[in-house]
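Quick notes on the structure that follows.
The values are calculated or read from the model by the stated rules, or taken from the named source; none is laboratory data. Note that the coordinates shown come from a computational prediction; the quantities given were computed from them, not determined experimentally. Positions of Cβ are backbone-derived with ideal geometry, glycine not excepted, and every protein chain shown enters the neighbour counts.
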Amino acid sequence: MFSPALLLLLLSAACCCSVQASHSIDDYGAVPNDLSEKAATANSAAMVAALKAANTTANDRTVLVPPGKSYYYFVVRSDYLQDVTLQVEGVLLASNNISSSQWPSDGTYATLWFQYCRGLTLTGSGTIDGQGYDWWWHVIVTDVDHRPHLVIMEQCSDILITNLRFIDSPQFHLKLDHIMNVVIRNITIFVDIGKQKNLLQKSGNWIPFKSSNKNELDLVSLLSRDPYYKEMLAKLPPELEKILEALGVPTFPLNTDGIDPRGKNVLIENVNITNFDDAVAVKPCNQGDPFTNCSQNMTIRNSFVAYGVGMTIGSVPPNGGVNCVKDILFENITFEHPIKALYIKSNPGDSGTGIVDSITFRNIHGKYPLWYPIWIGPQQQKQPGTTGTGCSWLYPVQDECPTQPRVAITNIVLDNVSFVDGVTLPGVLLGNVTAPYTGFKFTNVTSQGVLAGEFLVQQNYVCKNVQGTGDKLTTPFPPCFTQG
Ligand SMILES: *[C@@H]1O[C@H](CO)[C@@H](O)[C@H](O)[C@H]1NC(C)=O
Ligand SMILES: *[C@@H]1O[C@H](CO)[C@@H](O)[C@H](O)[C@H]1NC(C)=O
Ligand SMILES: *[C@@H]1O[C@H](CO)[C@@H](O)[C@H](O)[C@H]1NC(C)=O
Ligand SMILES: *[C@@H]1O[C@H](CO)[C@@H](O)[C@H](O)[C@H]1NC(C)=O
Ligand SMILES: *[C@@H]1O[C@H](CO)[C@@H](O)[C@H](O)[C@H]1NC(C)=O
Ligand SMILES: *[C@@H]1O[C@H](CO)[C@@H](O)[C@H](O)[C@H]1NC(C)=O
Ligand SMILES: *[C@@H]1O[C@H](CO)[C@@H](O)[C@H](O)[C@H]1NC(C)=O
Ligand SMILES: *[C@@H]1O[C@H](CO)[C@@H](O)[C@H](O)[C@H]1NC(C)=O
Ligand SMILES: *[C@@H]1O[C@H](CO)[C@@H](O)[C@H](O)[C@H]1NC(C)=O
Ligand SMILES: *[C@@H]1O[C@H](CO)[C@@H](O)[C@H](O)[C@H]1NC(C)=O
């Protein structure tokens, strides 16, 4: 008879053997703790070889990046993997030698790049560091953008991503295109936003709150063009002004998105994202796509976002094959210093159509919004001197924001949503007169600001061409809604 203690012993022995038997990249020629181009090239090759070996081993299908060591690498591309685990206990550092010919000179690619996989797991207590700093600066100064994403999975199913820390991706952190049955749990995504801010300031792509330099555009002078804000700003207590001086708005998004899924059946939970761009952005599918013609059935919950540009749907441009996103739930999300928090965005386009339907945001709390915490309408992106989407960062102070009648946004529910200590108006809900958004329902949606204390509560949403209802607890009350 087995005693429980013996059973435990046997189990832990089995556990121990399977760890020892895994395919350590060291056994495939990896060179740890070496910054050279040669070592990084060898490490990419070692990881590709270890993944291939794991993919053909009957009972041990784990590739191990050993603890306590760092490995520089370029692109690791592996296709058609089945039931393979990449366990990172040490540190993977994408090479920051951006002039190396090991990097592709164009096209979409990633440092960890998997296509047509099934049953792929990325896990471990280690870190995958994109070392994006030099890439970001290169894009700002040259406008040439051939950055890698940190991870791409394309046409993959049955994916699990857990426990890892993803930092400073040159571009998106997890780009998941045409995927199905995905669980992402307990990961951290962290971008050094202090460094991004310095780069943006240095290059003039940052609007400071207040500037002593007369030639520089600042928010105080811009907002003062609006009589309402002018009056409020005049009443700011000096100590609050000091705090606000630290704030500003990036006008040049560096596209360091967190998780961008496109596909169906996705659960994202217990993630912690600090990234200066979309935290999670659900992208649309259309009729030409594998797995599904509409991105759908995703839950994103129990998560924390700092300095993000939103839990986002989109952007969704119209498409001849009907771009579509439906049945997405964001629940129990806490935001700190969001630049945007709840964000649904269409994109310009003159042909085709799009659908965004049945999106729910429930039990959401945010503090210190830096810009409008709620935005449902055209993507707001217009860099000084360019057309962008045509919708100004400073809308409605700058009254430029063409709306999109080809993308129907319907059945949007906000339930138990509160934002406190913001500095701007609560939100923008902006449809087109020929095709108003319909079926919006707000219950207990509140927003309060510090900019002028009680004044901000009076300052309402911009709300145009949206049919919706709000309950008695919803304050301020979107002026184009009805009580319900
Ligand atoms: C992995 O194994 C599958 C078959 O089980 C095969 O089709 C595929 O090409 C393999 N992929 C790699 C990268 O070895
Ligand atoms: C960076 O890449 C260039 C071009 O391949 C190469 O000449 C140079 O030696 C590399 N630098 C380092 C530090 O490896
Ligand atoms: C979450 O990830 C961290 C870092 O890898 C790890 O220490 C912790 O045990 C994980 N938590 C759970 C519940 O798996
Ligand atoms: C929706 O996704 C979940 C996984 O997040 C899955 O368990 C469920 O079966 C999916 N629902 C449908 C209708 O496919
Ligand atoms: C999120 O991650 C950041 C950076 O690693 C850390 O400082 C912060 O404490 C974490 N927050 C939560 C709520 O887990
Ligand atoms: C997707 O396909 C289903 C089944 O063919 C169809 O009913 C639905 O209208 C399609 N959706 C879109 C957005 O094209
Ligand atoms: C909400 O999410 C946080 C993590 O951000 C978690 O600690 C808490 O348990 C969650 N609450 C519920 C009711 O699930
Ligand atoms: C409302 O959301 C907060 C989190 O923001 C949560 O703590 C609270 O339990 C929720 N209330 C209800 C009635 O669901
Ligand atoms: C509404 O859509 C029509 C057709 O695209 C466009 O001409 C018009 O400018 C839009 N209205 C606004 C206010 O953007
Ligand atoms: C309304 O939202 C606030 C803030 O999240 C919460 O404390 C309160 O319990 C909610 N009230 C109801 C009736 O859900």
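A few remarks follow.
- Residue count for the stretch 49-70 satisfying the condition of being touching a strand residue (DSSP E or B) at 6+ places or on another chain (Cβ under 6 Å) and in a helix (DSSP H, G or I): 4.
- Test: residue in the stretch 402-418 that is within 15 Å of ligand 9 (Cβ to nearest atom) and surrounded by fewer than 16 Cβ atoms within 10 Å (Cβ to Cβ): yes
- Some residue of the stretch 284-302 being farther than 20 Å from T410 by Cα and not in a loop (DSSP other than H, G, I, E, B): yes
- Residue satisfying all of: in the stretch 237-291; at pLDDT 80 or above and of a type in the set (S, T, Y); nearest to M311 (Cα to Cα) among these: T274
- Single residue of the stretch 355-367 satisfying the filter (over 21 Å from I409 (Cα atoms) and surrounded by fewer than 19 Cβ atoms within 10 Å (Cβ to Cβ)) that is farthest from ligand 8 (Cβ to nearest atom): K367
- Against the list (1) surrounded by 14 or more Cβ atoms within 10 Å (Cβ to Cβ); (2) at pLDDT 85 or above, the condition L222 fails is (2).
- Residue within the stretch 335-342 that is among the aromatic types (F, W, Y), under 22 Å from T274 (Cα atoms) and either surrounded by fewer than 24 Cβ atoms within 10 Å (Cβ to Cβ) or within 16 Å of ligand 5 (Cβ to nearest atom) (or both) present: yes
- Selection of the stretch 270-311 for residues being touching a Leu at 6+ places or on another chain (Cβ under 8 Å) and of a type in the set (D, E, K, R) yields D277, R301.
- Among the residues of the stretch 54-75, those identified as in contact with a Phe, Trp or Tyr (Cβ under 7 Å, 6 or more places away or on another chain) and either more than 20 Å from M153 (Cα to Cα) or surrounded by fewer than 22 Cβ atoms within 10 Å (Cβ to Cβ) (or both) are F74, V75.
- Which numbered condition I207 misses (of (1) in a strand (DSSP E or B); (2) within 16 Å of ligand 3 (Cβ to nearest atom); (3) over 21 Å from the mean Cα position of the chain (by Cα)): (2)
- So V151, is it outside any loop (DSSP other than H, G, I, E, B), closer than 11 Å to S169 by Cβ, touching a residue at least 12 places away in the same chain (Cβ under 8 Å) and touching a Ser or Thr at 6+ places or on another chain (Cβ under 8 Å): yes
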